[in-house]
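The structure appears right after this line, and notes come after that.
The values are calculated or read from the model by the stated rules, or taken from the named source; none is laboratory data. Computed from a prediction, not measured in an experiment: that's the story for all the values here. Virtual Cβ from ideal backbone geometry, glycine too; neighbours counted across all protein chains shown. Surface areas here come from the heavy atoms of the whole protein model, side chains and all, with no ligands, DNA or RNA. Shrake-Rupley method; radii C 1.70, N 1.55, O 1.52, S 1.80 Å.
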Amino acid sequence: MQIPLVSICIPAYNRQELIKKAIDSCINQTYKNIEVVVVDDASTDDTPEVIKSYAVKDKRVKFYQNEKNLGMIPNWLRTFELATGEYVQHLGSDDRLSEKFVEEKVRIFEEYPDVAFVSCALETRNEDGRIVGGAKNPPGLHSADYVFKNSYRIPALICTVCTVRRKDILKHFTTTIPNEWSYEDYYTKGGKIMDNFVFLKILADYKFMYYLDNVFYESLEHQENSIKLFFGLTKGNIADHVKFNHIDQAGFGYFYKNYAQRYLSRYRIYIGADTLAGTF
């Protein structure tokens with residue numbers, strides 16, 4: 001039986017220290033048939049040299065460098081385009097995968113060949129290694145109906161933790177979400193909700209996804225992290241809070257209107273009430 005190749009895709013920009021732990025978590029996977037596709041987005045520090053040092057020692061590490069800075073989401077897409085594996089897994093250059101991450105994901109694809117993708121638990125750690133957040137949901141198969149009804153109120157049910165078929169990510173990936181409020185920079189440069197959006201689009205072609213709770217995607221919380229920076233908006237400012245939520249609403253609303261219209265009214269009612277509650 002042929003063992004499928006899994007591509008772990010790391011877009012990188014100015015991560016000369018943090019990227020070491022990310023790559024280490026890849027090459028130390030129990031599942032060995034991997035390639036680590038690292039695309040440097042024209043860094044101004046020593047990130048390229050760090051990646052090259054790994055590529056010299058381990059042929060599974062593939063180094064690429066953009067001639068000019070593309071920005072966050074276009075560089076995500078480039079990592080997927082350069083990947084050659086049957087399955088792909090995005091990994092932030094400041095994040096890590098638990099040791100059996102890939103092994104367990106491939107096992108589920110083999111056991112359930114009709115799943116859209118395999119999600120898993122998320123842990124958020126600070127720079128001291130202490131767990132400061134995360135999400136862990138019920139394991140097993142979840143129907144598309146369940147996800148469409150709950151993805152916006154269950155933290156990290158689907159996001160960058162998902163492992164997916166390369167053909168599906170290339171079919172459905174988009175670098176922005178059409179909208180009439182000029183939110184393109186939040187989607188394209190900031191990456192806001194883009195990981196949720198693309199996996200929702202993929203799931204619209206399938207009936208089920210699978211959730212694992214015994215492996216973890218480890219996200220690092222640090223000063224330069226875009227989540228900590230609130231995408232350039234100010235925490236505690238009511239106007240910015242409303243805008244922060246509206247950027248989400250515009251993107252998710254576009255998905256439901258165009259790909260899962262039967263759930264659109266439910267989404268609008270829930271998110272409207274949630275925004276009001278959070279504001280007042």
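Note on the range 98-122: among residues that are charged (D, E, K, R) and surrounded by fewer than 20 Cβ atoms within 10 Å (Cβ to Cβ), the one that is nearest to M209 (Cα to Cα) is D114. Annotation note: Cβ proximity below 6 Å between a residue of the range 226-247 that is modelled with pLDDT of 75 or more and a residue that is assigned to a loop (DSSP other than H, G, I, E, B) (sequence gap 6+ or interchain) occurs for D240/L233; D240/T234; F244/L233; I247/Y183; I247/K192.
Quick one: would you say I10 is over 19 Å from E218 (Cα atoms), under 14 Å from the mean Cα position of the chain (by Cα) and β-branched (V, I, T)? Break it down into steps so the answer makes sense when it comes.
Values: over 19 Å from E218 (Cα atoms): no; under 14 Å from the mean Cα position of the chain (by Cα): yes; β-branched (V, I, T): yes.
The answer is no for I10.
Sub-9 Å Cβ pairs linking a first residue in the range 58-82 that is in contact (Cβ under 8 Å) with a residue 24 or more places away in the chain and part of a strand (DSSP E or B) to a second residue that is open to solvent by less than 50 Å² (accessible area, probe 1.4 Å) and of a type in the set (S, T, Y), at least 6 apart or interchain, are V61/Y54; K62/S7; F63/Y54; Y64/T79; Q65/S43, ordered by first then second residue.
If you scan the range 163-220, which residues turn out to be part of a helix (DSSP H, G or I), in contact (Cβ under 8 Å) with a residue 40 or more places away in the chain and hydrophobic (A, V, I, L, M, F, W, C)?
Within the range 163-220, the first condition is being part of a helix (DSSP H, G or I), and the residues that meet it are 166-172, 184-188, 194-203.
If we keep only those that are in contact (Cβ under 8 Å) with a residue 40 or more places away in the chain too, we end up with 166, 168-170, 186-188, 194-197, 199-203.
I169, L170, M194, F197, F199, L200, I202, L203, listed by residue number.
Only residues that are in contact (Cβ under 8 Å) with a residue 12 or more places away in the chain, outside any loop (DSSP other than H, G, I, E, B) and of a type in the set (D, E): list them for the range 83-116, please.
The first filter runs over the range 83-116 and keeps only residues in contact (Cβ under 8 Å) with a residue 12 or more places away in the chain, leaving 83-106, 108-109, 112, 114-116.
Next cut, outside any loop (DSSP other than H, G, I, E, B) only: 87-90, 96-97, 101-106, 108-109.
The answer is E103, E104.
Taken as a whole, the structure leaves T163 outside the set of residues that are open to solvent by 30 Å² or more (accessible area, probe 1.4 Å), within 25 Å of G85 (Cα to Cα) and either modelled with pLDDT under 95 or within 18 Å of the chain's Cα centre (by Cα) (or both).
Listed here are the residues, each with its yes/no results for (1) farther than 19 Å from S219 by Cβ; (2) touching a helix residue (DSSP H, G or I) at 6+ places or on another chain (Cβ under 7 Å).
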| position | (1), (2) |
| --- | --- |
| K20 | no, yes |
| S25 | no, no |
| Y64 | yes, yes |
| E67 | yes, no |
| F80 | yes, yes |
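The residues listed here are Y87, Y64; of these, the one that is among the aromatic types (F, W, Y) and under 13 Å from D40 (Cα atoms) is Y64.
Quick check on this structure: which one of P178, P138 is out of contact with any His (no Cβ under 6 Å at 6 or more places or on another chain), over 21 Å from K257 (Cα atoms) and not β-branched (V, I, T)? None of the others qualify; the one that does is P138. Residues in the range 15-34 that are touching a residue at least 40 places away in the same chain (Cβ under 8 Å) and in a loop (DSSP other than H, G, I, E, B): R15, N28, Q29, T30, Y31. In the range 126-153, which residue that is assigned to a loop (DSSP other than H, G, I, E, B) and open to solvent by less than 30 Å² (accessible area, probe 1.4 Å) is farthest from M194 (Cα to Cα)? Applying the filter and picking the extreme gives N126. Residues that are touching a Gly at 6+ places or on another chain (Cβ under 6 Å), farther than 25 Å from S25 by Cβ and modelled with pLDDT of 95 or more occur at least once in the range 195-203.
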